[in-house]
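Below is one structure; the comments refer to it alone.
No value in this document is a laboratory result; all are computed from the given coordinates. Bear in mind that the values here come from a model prediction, so they are computed numbers and not experimental data. All Cβ positions, even for glycine, are placed from backbone atoms using ideal geometry, and neighbour counts span all protein chains on display.
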Amino acid sequence: MTVEPFDAICHDVALAEMRVCEVPGPSTLGPGGKYFLREFYCTEPGCDCRRVVVQFLEAAAPSNVVASVSYGWEKAGFYKKWSRSAEGWREMAGVTLGPLAEKGPYAEGFLKIFDHIIKDRQVVAAFRRHYRMVREIIARP
Ligand SMILES: [Zn+2]
């Protein structure tokens with residue numbers, strides 16, 4: 001799967017709708033502070049994997065990626081049909097760490113934070129909308 005940053009594909013929308021989360025702290029979840037959620041979407045032609053990869057960037061130092069999570073918003077059955085390997089769907093449905101490999105000391109904490117963030121249906125609706133925007137751009141000749 002090839003993922004590219006949403007801000008590189010739809011720059012203005014990405015900046016206007018970039019989410020910020022505030023982590024109280026320091027706590028077991030992390031050092032505390034503000035984090036930007038940078039979204040990445042798959043740009044493989046013909047693919048329909050319906051997932052987002054989110055990097056948590058430290059707002060005070062945005063080059064510092066503290067965690068990367070991936071999230072498939074469809075039900076497990078969708079990924080079971082779609083997955084090439086028997087067990088591959090497990091990594092595609094729901095929230096998992098990676099695949100951009102940033103697994104810092106707080107990665108598990110940010111996984112929990114992300115789980116909480118996606119309880120907000122508007123957040124999930126925005127991911128789906130951004131995903132569709134990217135797919136439409138990729139599908140253009
Ligand atoms: Zn894909």
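Could you list Thr2, Thr43 so that the one with the fewest beta carbons within 10 Å of its beta carbon is first and the one with the most is last?
Least crowded to most crowded, the residues run Thr2, Thr43.
Within 10 Å of each residue's Cβ, count the other Cβ atoms and sort Met92, Met18 from fewest upward. Don't skip to the answer; put the middle values down first.
Values: Met92 21, Met18 14.
Ascending number of Cβ neighbours within 10 Å: Met18, Met92.
Quick one: which residues, 5+ away or cross-chain, put their amide H under 5 Å from the amide H of Asn64? H built at 1.01 Å from N.
Correct list: Glu58.
Considering the Cα positions of region 15-110, please state its Rg to one decimal place and its Dmax as a whole number of Å.
Using the Cα atoms of region 15-110, the pair Rg, Dmax is 14.7, 44 Å.
In region 22-141, what is the count of Lys pairs whose alpha carbons are under 19 Å apart, counting only pairs at least 8 residues apart or on separate chains?
Numbers: Lys34/Lys103; Lys34/Lys112; Lys75/Lys119; Lys103/Lys112.
Total qualifying Lys-Lys pairs in region 22-141 comes to 4.
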